[in-house]
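Structure, as structure tokens:
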Amino acid sequence: MSDRLLEVDHVSKQYRLGMIGGGLLYRDLNSWIARKLGREDPNRKIGVNGSHDGETFMALEDVSFNVDRGDTLALVGRNGAGKSTMLKLISRITAPTRGEIRIHGRVASLLEVGTGFHHELTGRENVYLNGSILGMNKREISRKMDEIIEFSEIDKFIDTPVKRYSSGMYVKLGFAVAANLAPDILVCDEVLAVGDHAFQQKCLNKMSDVARSGRAVLYVSHNMRTVSQLCSRALFLDHGHLLYDGTTEHAIELYSGAGNRDVERDLNSMVRPRNRGDTMRMLKMVVLNSVNMEFQQDSDFEFSIHFRSNLTERNTRLRLILKTNVAAPIAMTQTRPFDVEAGKEYTFNVRFPLRGIAPGEYMVKLSLISDRIGGGSNYFDTIEDIGQFVVLDDPLVNSGFTWEERLWGNMRLQGLDLF
């Protein structure tokens, strides 16, 4: 049996903007007839003009890679990078414009909520439908039915039409079907984010089992923690181009913008969570004691922060949360309280001690807060990721050995005393 399950050979996918895509054939025909007669497109959304009709868009361009048995492969990249388009091509939902995709075995896909389900059929009937699409006979599907129902956690509703399911129930049944009907390649898009945390972890464990059993997993997610946990290899896509094929760690660094280590940062233009940055707003940050955002172990990270306040507030604090390069928080600290007045701008120099932080690459989240009466905090401004910095490995500090993050974590505790 060959170890090669998937070959993507110089694949490109081009779309023609505004010309097709009504979702149903008769809608596309209606649009085409209206254009031929010089009439308004009956399927065009309100407020959208036709200025881009006829233009082309390359969703993917000259992408090549292979997938073997046992691979757990992540596709990472920002929105619009071409990740979902690639999964649709592999799942044979659409065809490539150029190039060739060779698949050796069955492919089961979970690309969006309700994929492959008929709304009028029950959950049980849809299991049989999906199994038939995968090329399985009724006896094979029946043998797997109890396992699918148990995994989906919706046994009470398995004989209910799926049109009455919640989005979470859709995902649970859809993943249970895709993972348990023995596909050679399991394709899963961001849809798992709909499920609850416990079920997400259950799905990740199941995907690991699929890979260990000699099959392959293709996974797309913006949750870098799950990508790091599941995948041993990753592709980094950007604007339809494959820029990197290799270790998951380096692909995550590329995705998170690890190359951006500017010592002066425009915080004013950075994205905020909703309702943050109106009453107080961080404007600029300048690193004071590094030219490349690299620091020695047990040193200090010194920076200045410039911000504007639109209100008078007592007991304001600057809070810093330290994260790994997969966005997992590992520590928090904050300044002592200070007062600000409405209509004024302030600049403070901040010293962040790095003692106890292990070697590695880190992200920083900053917030301007105040203490809330009765406990908790009022958040005035927050930036989830102001940029990355590196703590260099120093064997002298680590008692002569090289620190391994996967074995020992991100915090280095003080030595143990014998007494």
So which residues in the stretch 143-169 are open to solvent by less than 50 Å² (accessible area, probe 1.4 Å) and part of a helix (DSSP H, G or I)? Met145, Ile148, Ile149, Phe151, Ser152, Val162, Gly168, Met169
Tell me, yes or no, whether the stretch 336-347 has at least one residue that is within 36 Å of the chain's Cα centre (by Cα), closer than 30 Å to Met224 by Cα and either hydrophobic (A, V, I, L, M, F, W, C) or in a strand (DSSP E or B) (or both). no
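For every residue, the table says whether it meets (1) more than 28 Å from Arg276 (Cβ to Cβ); (2) open to solvent by less than 40 Å² (accessible area, probe 1.4 Å); (3) among the aromatic types (Phe, Trp, Tyr); (4) part of a loop (DSSP other than H, G, I, E, B).
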{"position": "Met363", "(1), (2), (3), (4)": "no, yes, no, no"}
{"position": "Ile369", "(1), (2), (3), (4)": "no, yes, no, no"}
{"position": "Asn378", "(1), (2), (3), (4)": "no, no, no, no"}
{"position": "Asp381", "(1), (2), (3), (4)": "no, yes, no, no"}
{"position": "Leu396", "(1), (2), (3), (4)": "yes, no, no, yes"}
{"position": "Phe401", "(1), (2), (3), (4)": "yes, no, yes, yes"}
Number of the condition not met by Ser269 [criteria: (1) touching a Phe, Trp or Tyr at 6+ places or on another chain (Cβ under 7 Å); (2) in a loop (DSSP other than H, G, I, E, B); (3) hydroxyl-bearing (Ser, Thr, Tyr)]: (1)
Meets criteria (surrounded by fewer than 20 Cβ atoms within 10 Å (Cβ to Cβ), closer than 16 Å to Asn325 by Cβ, modelled with pLDDT of 85 or more and within 18 Å of the chain's Cα centre (by Cα)) for Gly257: no
Give all pairs with beta carbons closer than 8 Å in which a residue from the stretch 367-388 that is over 30 Å from Asn292 (Cβ atoms) and in contact (Cβ under 8 Å) with a residue 12 or more places away in the chain meets a residue that is part of a loop (DSSP other than H, G, I, E, B) and of a type in the set (Ser, Thr, Tyr); count only pairs at least 6 apart in sequence or on separate chains. Phe380/Thr279
If you go through the stretch 294-328, how many residues are of a type outside the set (A, V, I, L, M, F, W, C), under 20 Å from Asn378 (Cα atoms) and either part of a strand (DSSP E or B) or open to solvent by less than 20 Å² (accessible area, probe 1.4 Å) (or both)? 9
Residue count, the stretch 272-291 (criterion: out of contact with any Leu (no Cβ under 6 Å at 6 or more places or on another chain), in a loop (DSSP other than H, G, I, E, B) and either open to solvent by less than 70 Å² (accessible area, probe 1.4 Å) or of a type in the set (D, E, K, R) (or both)): 8
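The values are calculated or read from the model by the stated rules, or taken from the named source; none is laboratory data. Keep in mind it's a predicted model, so treat the numbers as computed, not measured. With ideal geometry, Cβ positions are generated from the backbone for all residues, glycine too; neighbour counts draw on all protein chains shown. We work out accessible area using only protein heavy atoms, side chains counted, and drop any ligands, DNA or RNA first. Shrake-Rupley method; radii C 1.70, N 1.55, O 1.52, S 1.80 Å.
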